[in-house]
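The values are calculated or read from the model by the stated rules, or taken from the named source; none is laboratory data. Since the model is a prediction, treat every value here as computed from it, not as a measurement. Using ideal geometry, Cβ is built from the backbone for each residue, glycine included, and neighbour counts are taken over all protein chains shown. Calculation scope for accessible area: heavy atoms of the full protein, side chains included, ligands and nucleic acids excluded. Shrake-Rupley method; radii C 1.70, N 1.55, O 1.52, S 1.80 Å.
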Amino acid sequence: MGVKRIGVLTSGGDSPGMNAAIRAVARCAIYHGLEVYGIKRGFAGLLNEEIEPMTSLSVGGIINRGGTILRSARCEEFKTPEGLLKGAAILDKYGIDALAIIGGDGSMRGGVELSRICPVKVMGLPGTIDNDIPGTDYSIGFDTAVNTALEAIDKVRDTAYSHDRVFVIEVMGRHKGFIALEVGLAGGAEAILIPEVPYDLANLLDKLRESYEHGKRSSIIVVAEGAARAEDVKKFLQEHTPYHLRALVLGHMQRGGSPTAFDRVLATQLGVFAIQRLLEGHTNEMVGVEGGRLVAVPIEYIHTASKTIDLRKLEVASMMAI
Ligand code: F6P
């Protein structure tokens, strides 16, 4: 049976470009004659029936806005069998036969669970600043987050230089070091700590001492939150070096702000592609981009695979840090 009415929701941590994705899903669906419903606050809003029709006008003026106009939430009830059954019944009540889910792997899993107990078709769009979803080179929001963190690091470097200081800067990335690696390389960090690579603070110390002896008085160390806490690294180094150290946690500022052109274009292309895949009859897929081409992978795949980081970039970064 063809798709007639699609629901769109954002779930999990927000990321810049989610609005551009909502807009693209809604406008492409309307272009193809479908009806569109916006489901607020993710699966929590589905269970509370916070569901409203969307028009091409209601998604106007949002392509440049960070966050998500549909809001986002975590929902424990939805993870229970009763919650799932309730969600399926509400989809049936509203005649929603397809869902576009913008978020991380957990959000897409929720869609797959629903599709097991009701005839809804599901298409996922990767939305997280962490860029840790397999099946796509980029997730919506990563590029903006990297540029936001980079702007902050560039500013901190000015102070680091002026005051002969070492700054340990913690960026987001609970499980993976994509943001840390990218921003560390772009910001000329003297060291980058990521969860994928075991590190030894004693080695870092040696490196710092060496560069101090070479006359380098300021440095930037970028740490992914999943690898270490900036404060702990700072304390350890402070005990053993003559440097003046400071720790800085960039935190949630990395999730906000107006999306970059890259994220807007990515989100728009993925939104349109998601609708095309649904209209062709596909379901339980995530759309993404690999090697510059739009791709679709089974959502199951993203739950079994793990996205690997390009460790050559880490080597390049350390080559630049001499
Ligand atoms: O969006 C993912 C992420 O940015 C992680 O890197 C971070 O650990 C997490 O969100 C924090 O999110 P919250 O404060 O919403 O739990």
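Please identify the helices of the chain, taking whole runs of DSSP H, that span at least 24 Å along their own axis as judged from the Cα atoms and have a mean Kyte-Doolittle score of 0.0 or higher.
261-279
Rounded to 0.05, the FRET efficiency of the residue 159 and residue 282 pair, given R0 = 41 Å and the Cβ-Cβ distance, is 0.20.
The share of accessible area on the stretch 3-76 that comes from carbon and sulfur is 47 percent, using a 1.4 angstrom probe. Within the shell defined by Cβ-Cβ distances under 11 Å, the residues around residue 303 carry a net charge of -1, with Lys and Arg each +1 and Asp and Glu each -1. Residues 43, 273, 262, ordered by accessible area of protein heavy atoms at a 1.4 angstrom probe radius and largest first, appear as 262, 273, 43. Within the shell of other residues whose beta carbon sits under 9 angstrom from the beta carbon of residue 245, the net charge comes to +4, with Lys and Arg scored +1 and Asp and Glu -1. Reducing the stretch 109-132 and the stretch 186-233 to their Cα centroids gives an inter-centroid distance of 38 Å. Would you mind estimating how fast the stretch 165-294 diffuses translationally, via Stokes-Einstein at 20 °C and 1.002 mPa s with the Kirkwood radius over Cα pairs, in µm²/s? It diffuses with D of about 126 µm²/s by this estimate. A Cβ-based charge dipole, computed about the Cα centre of the stretch 180-322 with Lys and Arg at +1 and Asp and Glu at -1, lands at about 400 debye. For the listed residue pairs 235/313; 176/235; 234/307; 4/93; 79/121; 176/216, the alpha carbons are over 25 angstrom apart in 235/313; 234/307; 176/216. Judged by the mean number of other Cβ atoms found within 10 Å, the most tightly packed of the peptides 291-304, 110-123, 248-261 leads the ranking 110-123, 248-261, 291-304. Could you tell me which of rounded, prolate or oblate describes the stretch 120-169, using a ≥ b ≥ c as the square roots of the eigenvalues of the alpha-carbon gyration tensor, with rounded for a/c under 1.5 and, failing that, prolate when a/b is larger than b/c and oblate otherwise? Because a/c hits 1.5 or more and a/b exceeds b/c, the stretch 120-169 counts as prolate. For the stretch 80-223, the extents of the C-alpha atoms along the principal axes are 70, 27, 24 Å, listed from largest to smallest. Taking other residues whose beta carbon is less than 15 angstrom from the beta carbon of residue 294, and scoring Lys, Arg as +1 and Asp, Glu as -1, yields -2.
Under 1.5 on a/c is rounded, so check that first for the stretch 1-87, then, if it is not, pick prolate when a/b is larger than b/c and oblate when it is not; a ≥ b ≥ c are the square roots of the alpha carbon gyration tensor eigenvalues. In terms of gyration-tensor shape, oblate.
Normalized C-alpha radius of gyration of the chain, against 2.2 N^0.38 Å?
This ratio for the chain stands at 1.10.
Expressed to the nearest 5 percent, the antiparallel share of DSSP beta bridges inside the chain is 25 percent.
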